[in-house]
1. Given the pairs Lys6/Lys32; Lys56/Lys77; Lys5/Lys40; Lys42/Lys77; Lys77/Lys124; Lys32/Lys54, which are separated by over 22 angstrom at their Cα positions?
2. Report, in debye and to the nearest 20, how large the dipole of the range 43-118 comes out about its Cα centre when Lys and Arg carry +1 and Asp and Glu carry -1 on their Cβ.
3. Relative contact order for the range 1-123: what is it in percent, counting Cα pairs under 8 Å that are at least 6 residues apart?
4. Could you pull out which residues in the range 17-32 have an amide N less than 20 Å from a spot 7 Å beyond the Cα of Lys56, following the Cα-Cβ vector?
5. Taking a point 7 angstrom from the Cα of Thr121 along the C-beta vector, which residues in the range 23-52 have backbone N less than 16 Å away?
Amino acid sequence: MRHGKKDNHLGRTVTHRRALLSNMASSLILHKRIETTVAKAKALRRYVEPLLTKAKEDTTHSRRVVFSYLQNKESVKALFGDVAERIAERNGGYTRIIKLGNRPGDNADTCLIELVDFNDTLLKAKSEGKAKTTRRSRRGSGKGKVEAQAAETTAVATPELADNTPEATETNEEEKA
């Protein structure tokens, strides 16, 4: 039975896996996005997200805890500097995995893992999209409403056509007489 076995071993020993995830986390923090396999990206997400949460509180203890995982002074400095400022208001979900397809050599599923707040193209599109969109209700069929409005506007715009109804012709005959 596999109860309680959440970790993907990635075909490596414990020390090799720990070193791999530490190096990948340092690269992700320094470069903001890296290309890797889907299995490694999912393992890296579970490894790096708690570190990013720790970085929100800039204390000596949290710096030492993060350094014990990363073993890289430059990445710790970058994490507690620029990265911590951008993710301060986010409540988790700091990384995004974008699947790219299969690698030509061994047909492995590859993906791009990136820090969410550092993708400038998506952030710009999101801010522009918020300004342009409006809320619309989805009550009833829009087609019937459009036809009804079109009929009302033509009736109001052309009063001589509106007078051709049976009631209007009776009143027009009475007025003429």
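Since every read-out is calculated from the coordinates, none of them should be taken as a lab result. Computed from a predicted model, the values in this text were never measured in an experiment. Positions of Cβ are generated from backbone atoms using ideal geometry, with glycine treated the same way; all protein chains shown enter the neighbour counts.
1. Working: Lys6/Lys32 26 Å; Lys56/Lys77 13 Å; Lys5/Lys40 17 Å; Lys42/Lys77 24 Å; Lys77/Lys124 27 Å; Lys32/Lys54 17 Å.
Listed pairs above 22 Å: Lys6/Lys32; Lys42/Lys77; Lys77/Lys124.
2. Values: 13 positive and 11 negative charges, 39 e Å.
That gives the range 43-118 a dipole magnitude of about 180 debye.
3. Details: 136 pairs, mean separation 36.8, N = 123.
The normalised contact order for the range 1-123 reaches 30 percent.
4. 29
5. Answer for the range 23-52: 32-35.
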